[in-house]
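One structure is given here, and the rest of the page talks about it.
The values are calculated or read from the model by the stated rules, or taken from the named source; none is laboratory data. Computed from a predicted model, the values in this text were never measured in an experiment. Every residue, glycine among them, receives a Cβ derived from its backbone with ideal geometry; neighbour counts consider all protein chains shown. Just the protein is used for accessible areas: all its heavy atoms, side chains included, with ligands, DNA and RNA removed. Shrake-Rupley method; radii C 1.70, N 1.55, O 1.52, S 1.80 Å.
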Amino acid sequence: MVSAAVALAFVPLLLSLLLRYRHHAALLCRAALAPWLRERLGGAPREQRALRFVLAHAAPGDPRHVLRTLDRWSEAREHLSSVGPRKGRILERLLRERAPLAVLELGTYCGYATVLLAQGLPPGARLYTVEMDPRHAAVAEKVIRLAGFDERTVELIVGRSEEVIPRLREKHGLRKADFVFMDHWKRCYLRDLQLLEAHDLLAEGATVLADNVIFPGAPHFLQYAKTCGKYRCKVHRTSLEYFRAIPDGVAELTYAGPR
Ligand code: MG
């Protein structure tokens, strides 16, 4: 009787937690549990399913249509952790303002932000995008080429960022990046920013954008950016891709040069 009474006492707490975190619970179901279950039941990985949808419905050579098709998939079918349209508009605006000639993306995933960035590049610019998972890179390659970008505009590099960054200059011909977009593992943001500094790969005045600095968050990266004296740092507050109720943000760093 006593244990039943104790258990009942927790019901209001559980209900209030469920109510408060219902959007996170929905995200967990759509982004992790449902795809995991589908794959257990013998389905293809979700990125492959998304690719099939894009190949069937997107207009080849039309980057905007490719992006809209990926959005349709993520909104109605399964969550893909791409940057999405809301944060994408921030990227597009900053890219237009800065008109960079050498862009580096860390974390290609399915190629969503790659296509978004590539369509906004000024003439003669080049985008280097790095993906560590060969299965995701294979999907991204098809999405990028479907959108109409060849190897001269977008070079997809498969490998771990900590191994690729030190070879970017010698092996891939990137002298310095003037625009960087980070959207890979959040725990790698700080390490890779410092690697870019150590290998002198950031042009003075370069813009570094980092996605998801509020959710799931990159506190060490943000703290470093704000306190090391090498960057002006600003966080664009918005919401998580395809989940308007979960706050998120994109960090914008402006590199002042080595100090
Ligand atoms: Mg992201």
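Points worth noting:
- Where a residue in region 5-26 is closer than 28 Å to Ala76 by Cα and its partner, wherever it lies, is open to solvent by 70 Å² or more (accessible area, probe 1.4 Å) and not β-branched (Val, Ile, Thr), with Cβ under 8 Å and at least six apart: Ala25/Leu18
- Strands (runs of 3 or more DSSP E) lying entirely in region 161-259 (those with 1 or more residues that are aliphatic (A, V, I, L, M) and without any contact (Cβ under 8 Å) to a residue 12 or more places away in the chain): none
- Note on region 198-229: among residues that are open to solvent by 20 Å² or more (accessible area, probe 1.4 Å) and in contact with a helix residue (DSSP H, G or I) (Cβ under 7 Å, 6 or more places away or on another chain), the one that is nearest to Leu27 (Cα to Cα) is Pro216.
- Among the residues making up region 120-146, a single one is assigned to a loop (DSSP other than H, G, I, E, B), open to solvent by less than 30 Å² (accessible area, probe 1.4 Å) and closer than 20 Å to Arg46 by Cα: Asp133.
- Filtered residues of region 86-108 (kept if open to solvent by 30 Å² or more (accessible area, probe 1.4 Å) and either under 26 Å from Glu163 (Cα atoms) or assigned to a loop (DSSP other than H, G, I, E, B) (or both)): Ala99, Leu101
- Selection status of Leu117, open to solvent by less than 60 Å² (accessible area, probe 1.4 Å) and not aromatic (Phe, Trp, Tyr): yes
- Checking every residue in region 165-178 against the condition of being under 16 Å from the mean Cα position of the chain (by Cα) and in the same structural domain as Pro122 (by TED's automatic domain parsing) gives zero matches.
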